[in-house]
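Below is one structure, written out as structure tokens; the observations come after it.
Every number here is computed from the coordinates shown, using simple stated rules; none is lab data. Remember, it's a predicted structure, so these values are computed and weren't measured experimentally. Every residue, glycine as well, gets a Cβ built from its backbone with ideal geometry; the counts of neighbours run over all protein chains shown.
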Amino acid sequence: MDAEPTLLVLDLVGTFAFGLNGALTAVRAARLDVVGVLTLGMITALGGGVIRDVLIGATPPATFLDWRYFALAAGGATIAFALSRRLHRLQTLITVFDAIGLSVFAVIGAGKALAYGIGPAPAILLGVVTAVGGGTIRDTLIRQVPTVLQSELYAIPALIAAGLTVLAIELGVYGLPAALGAAAVCFVIRMLGVRYGLNAPRPPGSSWRAEQ
Amino acid sequence: MDAEPTLLVLDLVGTFAFGLNGALTAVRAARLDVVGVLTLGMITALGGGVIRDVLIGATPPATFLDWRYFALAAGGATIAFALSRRLHRLQTLITVFDAIGLSVFAVIGAGKALAYGIGPAPAILLGVVTAVGGGTIRDTLIRQVPTVLQSELYAIPALIAAGLTVLAIELGVYGLPAALGAAAVCFVIRMLGVRYGLNAPRPPGSSWRAEQ
Amino acid sequence: MDAEPTLLVLDLVGTFAFGLNGALTAVRAARLDVVGVLTLGMITALGGGVIRDVLIGATPPATFLDWRYFALAAGGATIAFALSRRLHRLQTLITVFDAIGLSVFAVIGAGKALAYGIGPAPAILLGVVTAVGGGTIRDTLIRQVPTVLQSELYAIPALIAAGLTVLAIELGVYGLPAALGAAAVCFVIRMLGVRYGLNAPRPPGSSWRAEQ
């Protein structure tokens, strides 16, 4: 039922990126101490996968059974904490690491859901939930409206990556290249959205600005 | 283990109502863009059922396996988004749709818990959790204190409807009429509470107002 | 799979303490009415155990199957609501009850995870999740940054207690005395941290204050 080794590496990369992201967010947005920084980093890194595994009935979640998830989440958070003082352009790093985690988790989440016998459409949805889950908990805990609700093309690229993943699996061409390709599509769309301030349309006729 | 067809219709009505409610809340309270509106609508519509199914061990949750839940949640949210500009008295609509979802989900949730072999008292509690779950996640994500904590008779009518449902099942008279009756009791109490500003008692001697 | 009787008593003590704590928090921090106070008390008391049981796959959670958890959570919350007007030094009581629940749930959570065949390291983590879960939901619902992120030695004593529990079980010396000892270590460290304002280190070179 587990991902093949090369995909596991990808999953661990996403975990590490979200660990870095969550810890940097804790340093920047909430100015927490070391325990708070590590905790938020680990929740961000492990949250999406835990939600996915609970929803597909794969309990206990893989993140509790495989020490490498735990180590990479904690390692990423610790590195971010230690280096946060020296890092410049913290917001850019936060956005990039978040986009990496989003992209990888959308792919891995959709693939794992399919592997557990879940149909294509719900597997895509589970990929999105995996991708945005950790970040949504992160934002909620530090009292920000979650990125997934504020958009700038956040859920949509995850949906595309999860869809491409399910398509590749159904076509029998899934593997590390296809997974990397799907993740890259998500990453590029997300970063373009951030770079050019692209947003999905607002309610017809409205001229509101999203709340910060 | 699934609800009989007529009850499934009721469940889908609740899903649709919560989809409308969540999307209108996103438009009104948080002024989100289209992805945010659809996302909040779907989380509100599907959240309670997902929590219920995870708690009774019915994973993957029905909402991931049956495309009709997904379609009605997304459909309700899309309709609300498209019409939100033309709708007047948005707050009234939000309250009414929320009360419909609350009432239906309390009944369906308690019934499904019993069907999974859970005892009467915890089944009632699970009905309440199903009823208030989606709305609580909705409020938390947009940084409002959840309605269930602010009351105006919110958890209590859900508790009554779930209790009536369990009673009807134990007496062997459960079916669409009984389910509709229990939901109607919840709906009426909830709307009377909103209409006349009825609230449960505050701590003895206090004259505080609930925080907004 | 269930804890032996003496450990069940300890678990119920923690449930009762968190019920008192959650209700007093609702009275003090959010000024909710009776339904809100009872609801927050029960969520605080039952939340950690529900999360633990969902994660280890022990669904439905014990708190839904054993009426004593429900009764003690509701009882604690009701007592706190009724007496809140007469109680002085509410903040001290809130802190003490929270520390009792934290300590007991770290021990019971780690022990239950091990009993379900989960390895030592993830069992320790699950003990911490059990300990901090209810309070984290409590804080999130009333829009406060969770104590676990703000620290003052909150997650660390829970980690130590869960670690001691796993050690005692592995050494074959676990029982009520060992459980009480591990919980006492957690309680003392937590209270010393509160009393002397001890905090974990902040990011290198920073002089920030945690946001309130």
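Here are some notes:
- Placing a label point 7 Å from Cα along the Cα-to-Cβ axis, C:VAL173 is separated from the same position in the other copies by 6.3, 6.3 nm, shortest listed first.
- Global form of chain C, assessed from the alpha-carbon gyration tensor, a/c cut-off 1.5: oblate
- Inter-copy label distances at A:ALA82, shortest first and taken from points set 7 Å along Cα to Cβ: 5.5, 5.5 nm.
- Between the listed residues B:ALA161, B:ILE43, B:TYR196, the Cα displaced farthest toward the positive end of the dipole of the protein assembly as shown, a dipole computed from Cβ unit charges relative to the Cα centre, is found at B:TYR196.
- Which of A:ALA26, A:ALA58, A:LEU8, positive extreme of dipole for chain A (C-beta unit charges): A:ALA26
- From the alpha carbon centroid of the range B:126-148 to that of the range B:168-188 is 23 Å.
- Exposure proxy for B:TYR196, A:TYR154, C:TYR174: other Cβ atoms within 10 Å of each Cβ, ordered fewest to most, give B:TYR196, C:TYR174, A:TYR154.
- Expected 222 nm ellipticity per residue - DSSP helices of 4 or more, -39500 (n - 2.57), all of the protein assembly as shown, to 500: -24000 deg cm²/dmol
- Pairwise inverse Cα distances across the protein assembly as shown, averaged and inverted, put the Kirkwood hydrodynamic radius at 24.6 Å.
- Across the options C:VAL96, C:PHE70, C:GLY119, the greatest Cα extent toward the positive end of the charge dipole of the range C:5-195 (unit charges at beta carbon of Lys, Arg, Asp, Glu) belongs to C:VAL96.
- Cα-centred dipole magnitude for the range C:61-152, charges only on beta-carbon of K, R (+1) and D, E (-1), debye, nearest 20: 300 debye
- In a reduced charge model with +1 at each Lys and Arg Cβ and -1 at each Asp and Glu Cβ, the range B:5-195 shows a dipole moment near 560 debye about its Cα centre.
- With the label put 7 angstrom out from Cα along the Cα-to-Cβ vector, B:GLY197 ends up 4.3, 4.3 nm from the copy partners, going from closest to farthest.
- Put simply, when C:138-145, A:107-114, A:12-19, C:58-65 are sorted by average Cβ atoms within 10 angstrom per residue, most first, you get A:107-114, A:12-19, C:58-65, C:138-145.
- Mean Cβ count within 10 Å, highest first, over the residues of peptides A:86-97, C:126-137, B:67-78: C:126-137, B:67-78, A:86-97
- Charged-residue dipole, Cβ positions (Lys, Arg, Asp, Glu), the protein assembly as shown about Cα centre, Debye nearest 20: 2260 debye
- Residue-averaged beta-carbon neighbours from other chains (10 angstrom radius) around C:25-34: 5
- Among the residues of B:137-150, the average count of other protein chain beta-carbon atoms within 10 Å of the residue beta-carbon is 5.
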